[in-house]
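The values are calculated or read from the model by the stated rules, or taken from the named source; none is laboratory data. No experiment lies behind these values; they were computed from the predicted model shown. Because the Cβ atoms are built from the backbone with ideal geometry, glycine has one as well, and the counts that use them run over all protein chains shown.
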Amino acid sequence: MLALARALMPRPKLLMLDEPSLGLAPGLVGDVFERISQISRDVGISVLIVEQKVREVLAISNRVYGLKLGRAAFHGKPDELLNDKDKLKQLFL
């Protein structure tokens, strides 16, 4: 949370986060993603997240880009992936 606060001090237009759940206790992961969603919604900052916890990110995302071997393999709305289990597995497993 402190790192998020420090990143917001200069009032950026884009907040880029790499694995924000890395090293957190499982019980805190949901809190961090909820806080990120709240920041985006209330402060109006766009957020770019690179994360391996796909389902958690899909729950708070407006748009999703999936990379496979360095190329864009998917782009669309999170619902498209949540409703297509085969596509989700193909992209992220």
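When only residues in the range 8-63 that are loosely packed, with under 13 Cβ neighbours inside 10 Å and among the basic types (Lys, Arg) count, which is modelled with the lowest pLDDT?
Applying the filter and picking the extreme gives 55.
In the range 61-93, which residues are touching a helix residue (DSSP H, G or I) at 6+ places or on another chain (Cβ under 9 Å) and of a type in the set (Lys, Arg)?
Within the range 61-93, 63, 68, 87 meet the criteria.
Do you know which residues across the range 47-87 are part of a strand (DSSP E or B), within 16 Å of residue 18 (Cβ to Cβ) and under 9 Å from the mean Cα position of the chain (by Cα)?
Matches in the range 47-87: 47, 48, 49, 50.
Are there any pairs with C-beta distances below 6 angstrom linking a residue in the range 76-93 that is outside the structural domain of residue 56 (by TED's automatic domain parsing) and at pLDDT below 85 to a residue that is assigned to a loop (DSSP other than H, G, I, E, B) and among the small types (Gly, Ala, Ser), with the two at least 6 apart or on different chains, and if so which?
Correct list of pairs: empty, since none qualify.
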